[in-house]
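As structure tokens, the structure follows; a few thoughts come after it.
The values are calculated or read from the model by the stated rules, or taken from the named source; none is laboratory data. None of the values given here were measured: they were computed from a predicted structure. We place every Cβ from the backbone using ideal geometry, glycine too, and count neighbours over all the protein chains shown. We work out accessible area using only protein heavy atoms, side chains counted, and drop any ligands, DNA or RNA first. Shrake-Rupley method; radii C 1.70, N 1.55, O 1.52, S 1.80 Å.
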Amino acid sequence: LSVPKIQPTECVVIRNMFDPTTETDPEFHLDIKEDVEDEVKKYGMVKHIFVDKTNPKGMVYVRVDSVSTGQQVVGSLNGRWFAGRQIAA
């Protein structure tokens, strides 16, 4: 049984960035968006960021300018810690 390899794209999904049930600031998603943008800009251009503020898995979706940038972002963020939570990209 072979497992297909995931095809890299310019879209990155980041999990476990937050827990919506513990957030007290109604605008918390704006801070997360800014933090993610600041980090992703180190590797290339950010085209779009969406913080799914109601998702219980703390999902953030990012679109960057190229597959190469996406791979660099995943490599940089996957397994890192953010606000006491280990994130997955």
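Couple of notes before you dig in:
- Tabulated pairs, segment 77-89, first under 24 Å from THR9 (Cβ atoms) and open to solvent by 80 Å² or more (accessible area, probe 1.4 Å), second basic (Lys, Arg) and part of a strand (DSSP E or B), C-beta under 8 angstrom, 6+ apart or interchain: none
- Members of segment 46-65 found to be open to solvent by 40 Å² or more (accessible area, probe 1.4 Å), of a type outside the set (Lys, Arg) and part of a loop (DSSP other than H, G, I, E, B), listed by number: THR54, PRO56, ASP65
- Filter pass, ILE14 being in a helix (DSSP H, G or I), in contact with a strand residue (DSSP E or B) (Cβ under 9 Å, 6 or more places away or on another chain), open to solvent by less than 50 Å² (accessible area, probe 1.4 Å) and not hydroxyl-bearing (Ser, Thr, Tyr): no
- In the condition set (1) within 13 Å of the chain's Cα centre (by Cα); (2) among the charged types (D, E, K, R); (3) exposed (fewer than 15 other Cβ atoms within 10 Å of the Cβ), GLU27 is compliant with all but (1).
- Flag for TYR43 being among the aromatic types (Phe, Trp, Tyr), open to solvent by 20 Å² or more (accessible area, probe 1.4 Å) and over 13 Å from THR9 (Cβ atoms): yes
- If the condition is being touching a residue at least 12 places away in the same chain (Cβ under 8 Å) and closer than 26 Å to THR22 by Cβ, then segment 51-73 contributes VAL51, LYS53, THR54, ASN55, PRO56, LYS57, GLY58, MET59, VAL60, TYR61, VAL62, VAL73.
- ILE32 meets the conditions (1) in a helix (DSSP H, G or I); (2) surrounded by fewer than 17 Cβ atoms within 10 Å (Cβ to Cβ) in every case but one. The failed one is (2).
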